[in-house]
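No lab work stands behind these numbers, since they all come straight from the coordinates. Please read all numbers here as calculations on a predicted model, not as lab measurements. Methodologically, a virtual Cβ is constructed for each residue, glycine included, from the backbone with ideal geometry; neighbour enumeration extends over all protein chains shown.
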Amino acid sequence: MTPIFSFLFSRLLISVANVQTNGMGEITKTALIVLAIAFGDGLFAGLKFFIMEVAGFKWINSLRRSSFPRILSQDKKWFDETLNSPERLVHTLMKDGDDARSLIVTVLAQFVVVTSMVSVGFIWALIQGWQLTLAGLAIGPIFAIVMTVQARLISHFELRNKRLREEVARRYHDVSTVNAMCYPC
């Protein structure tokens with residue numbers, strides 16, 4: 001809906017700019033079409049959100065239903081391991097499952113939207129002017145290189161930030177333990 005909306009919105013702006021040529025009837029008709037497209041876009045965005053949330057909820061529930069009998073069929077020795085403690089299993093089934101659901105719901109929905117928009121845009125560009133489209137496509141490898149370098153730099157600085165935060169937390173813990181030993185209540 002976004003490309004259709006932007007195309008019709010640009011037509012509306014052109015109609016408003018040329019009010020003497022087009023007349024108020026043309027502007028009103030285009031404005032109503034743009035309004036209907038905006039309403040449809042909002043409706044489809046809400047429908048996408050609803051469908052993905054329901055699908056994610058059903059998916060995580062089916063994973064929990066299949067995992068729970070498997071967990072219960074384990075013997076006691078398996079539960080005695082620290083990785084399989086009841087607290088950790090509940091955390092994995094509930095919290096990590098919800099995190100995975102939200103990740104899948106968000107990422108999968110956006111992937112479908114972006115893939116469809118890029119595909120339609122690319123096909124439309126090929127139809128309109130294939131020479132210019134192929135010239136624009138030549139920029140793709142440069143864009144990929146720049147994005148790769150940016151991703152590596154971001155991950156480097158995120159790792160550095162994480163290590164520095166852990167060091168601050170460790171020093172704070174050390175200072176608070178020393179103060180607790182020096183100044184008993």
Size of charge dipole - region 1-88 - debye, nearest 20, with Cβ of Lys, Arg +1 and Asp, Glu -1, no other charges: 260
field: Bins of 10 Å from zero: percent of alpha-carbon pairs in the chain
entry: 7, 14, 18, 23, 17, 11, 6, 3, 0
message: Rounding to the nearest 10 and keeping the result within 0 to 90°, find how far the Cα-based axis of helix 97-128 lies from the longest principal axis of the chain.
response: 30
message: For region 158-176 and region 1-79, what is the centre-to-centre distance using only Cα atoms, to the nearest Å?
response: 42
statement: Once MET94 and LEU153 are pulled to full extension, the length gained, defined as 0.36 nm per residue separation minus their Cα-Cα distance, is 17.9 nm
message: Based on C-alpha coordinates, I'd like the Rg and Dmax of region 1-107, in Å.
response: 26.0, 85
message: Let me confirm the definition first: pairs of Lys residues in the chain, 8 or more apart or on different chains, C-alpha distance under 29 Å. How many are there?
response: 7
task: With label points built 7 Å along Cα→Cβ from the Cα atoms of LYS76 and LEU103, find their separation and express it in nm.
output: 3.6
- prompt: Sorted by packing (mean other beta-carbon atoms within 10 Å per residue), highest first, where do 95-106, 75-86 land?
  reply: 95-106, 75-86
query: Relative to the longest principal Cα axis of the chain, at what angle does helix 140-182 sit, 0 to 90 degrees, rounded to 10?
result: 30
- request: In debye, nearest 20, what is the charge dipole magnitude of the chain about its Cα centre with +1 on Lys and Arg Cβ and -1 on Asp and Glu Cβ, if you could check?
  value: 200
